[in-house]
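Asker: Dropping a structure here in structure tokens format, bear with me for questions.
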Amino acid sequence: MGTDELTARVVGAEDLGRCVVCDGVSALVVWRENGYEGRACRCGTVYASPPPPLGAVDPTVDGHPDSYYAVPARRRVRWIQRYRPRGRVLDIGCGEGHFLAAAQAAGYDVAGIEPHPGRARRAEARLGAPVECALFESCRPGEAEFDIVYHCDLLSHFADPIAALRKMGGFLRPDGVLAFEVGLLGGIAPWWYTMIGTIGYPQHRWLYSVRSLRRLLARADLELAHTAHFGLAPGTLFVAGVRSLARRYRRLRAAPQRPGPPAAAARVSVTRFVDRTESFWRYTVGRLSPRVGPATLFAIARLRQSTRAHRHHVSVVSAPHLGAPQRRGG
């Protein structure tokens, strides 16, 4: 028995939590934040310890500004077009519908799931397409099928990501693909977390490496087919070098709205500039950076061949307005 396993058993493994990928326990703490510890497992996963309770985070709250999703939307659609140039797309956690709007403009039929009532309503009105207001975990099987199921930065938030991935796979046609973006912050040197400054506990439960992500997908009867790696190291080091300026931007983002159009316009303009800058470092510089340190991964996964071969009927969201492609008159 290794030192990590022995220590974890002594202090109570169930209290510490377990790795969702390999069911292991670890005593190697690489980060502390908001009363939680990030424990690095040998499989390459970092898990929150103790496990955040289900009510610790409101799933309808999004800490990112609108432009965080709007700026890279077309880039994400172009990437998916390489593998599925047409078909039906379901966006899980679609927010205001930025990705779906870009997909719709590229010729896809679209539908979404969004837990926040206001965002779901605005996305549906914007798209003229079905958006179900619900938690993804509560959606039930139906009769429709999707060629593409998409999500961005969700795998670190699910209490049970294996069950969530299996449900996503159930939404797909046998030849469909699961397209997603996920941060790779597991399996890196601990000093990177100090450079980043936050992991985001308790919102983030799991941090993955490519190795642990493959194992996670395998447990959900999925397999990686294509990936694109975007290193975050250059951007992380750049932000660390101008930390005082970054703090000013964050204060501006967090400041309450001041009355008057000029102040509001200035706030939106600066926020959008910051998000464009972050997008440049993440996707343009990051695509060329060496594979060291934190990263973002674009991934295309598909059902395992054995699952595709034995599937005769694929489940999707049960709500009638997600059951078939629809268009609303203007």
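Asker: Any chance segment 60-71 includes a residue that's part of a loop (DSSP other than H, G, I, E, B), in contact (Cβ under 8 Å) with a residue 60 or more places away in the chain, over 13 Å from Tyr150 (Cα atoms) and of a type in the set (A, V, I, L, M, F, W, C)?
Answerer: Yes.
Asker: Let me ask something additional. Consider Phe158 against the criteria (1) over 20 Å from Leu297 (Cβ atoms); (2) at pLDDT 95 or above: it satisfies all of them except one. Which criterion is unmet?
Answerer: (1)
Asker: Can you name every residue in segment 72-91 that is buried (at least 21 other Cβ atoms within 10 Å of the Cβ) and either in a helix (DSSP H, G or I) or of a type in the set (A, V, I, L, M) (or both)?
Answerer: Residues satisfying the conditions are Arg76, Val77, Ile80, Val89, Leu90.
Asker: Of the conditions (1) in a helix (DSSP H, G or I); (2) at pLDDT below 95; (3) not polar (S, T, N, Q), Asp175 satisfies every one except a single condition; which number is it?
Answerer: Of everything listed in (1) in a helix (DSSP H, G or I); (2) at pLDDT below 95; (3) not polar (S, T, N, Q), Asp175 misses just condition (1).
Asker: When you look at Thr198, is it surrounded by fewer than 21 Cβ atoms within 10 Å (Cβ to Cβ), at pLDDT below 95 and assigned to a helix (DSSP H, G or I), yes or no?
Answerer: So Thr198 fails the test.
Asker: Filter segment 164-176 down to the residues that are farther than 21 Å from Ser209 by Cβ and touching a helix residue (DSSP H, G or I) at 6+ places or on another chain (Cβ under 8 Å) and list them by number.
Answerer: Passing the criteria: Lys167, Gly169, Pro174, Asp175.
Asker: Another question, then. Examine segment 150-161 for a residue that is surrounded by fewer than 15 Cβ atoms within 10 Å (Cβ to Cβ), over 26 Å from Ala103 (Cβ atoms), out of contact with any strand residue (DSSP E or B) (no Cβ under 6 Å at 6 or more places or on another chain) and not charged (D, E, K, R), and state whether such a residue exists.
Answerer: no
Asker: Let me ask something else about it. Which of (1) within 21 Å of the chain's Cα centre (by Cα); (2) at pLDDT below 95; (3) in a loop (DSSP other than H, G, I, E, B) does Glu143 not meet, given it meets every other one?
Answerer: (1)
Asker: Going by the conditions given, is His116 crowded, with 22+ Cβ neighbours inside 10 Å, more than 18 Å from Leu155 (Cβ to Cβ) and out of contact with any Gly (no Cβ under 6 Å at 6 or more places or on another chain)? Full working, then the answer.
Answerer: Working: crowded, with 22+ Cβ neighbours inside 10 Å: no; more than 18 Å from Leu155 (Cβ to Cβ): yes; out of contact with any Gly (no Cβ under 6 Å at 6 or more places or on another chain): yes.
Judged against the criteria, His116 is not a match.
Asker: Please identify the pairs in which a residue from segment 31-42 that is closer than 21 Å to Val21 by Cα and assigned to a strand (DSSP E or B) has its Cβ atom under 8 Å from the Cβ atom of a residue that is among the acidic types (Asp, Glu) and at pLDDT 95 or above, counting only partners at least 6 apart or on another chain.
Answerer: Hits for this filter: Trp31/Glu37.
Asker: Any chance you could count how many residues in segment 37-93 are among the polar types (S, T, N, Q), more than 24 Å from Leu217 (Cα to Cα) and out of contact with any Pro (no Cβ under 7 Å at 6 or more places or on another chain)? Even if it seems obvious, please write down each step before you answer.
Answerer: Quick first cut of segment 37-93, residues among the polar types (S, T, N, Q) only: 45, 49, 60, 67, 81.
Next, only the ones that are more than 24 Å from Leu217 (Cα to Cα) stay: 60, 67.
Adding the requirement that they be out of contact with any Pro (no Cβ under 7 Å at 6 or more places or on another chain) leaves 67.
The qualifying residues number 1.
The values are calculated or read from the model by the stated rules, or taken from the named source; none is laboratory data. Remember, it's a predicted structure, so these values are computed and weren't measured experimentally. Note that we place each Cβ from the backbone using ideal geometry, even for glycine, and neighbour counts take in every protein chain shown.
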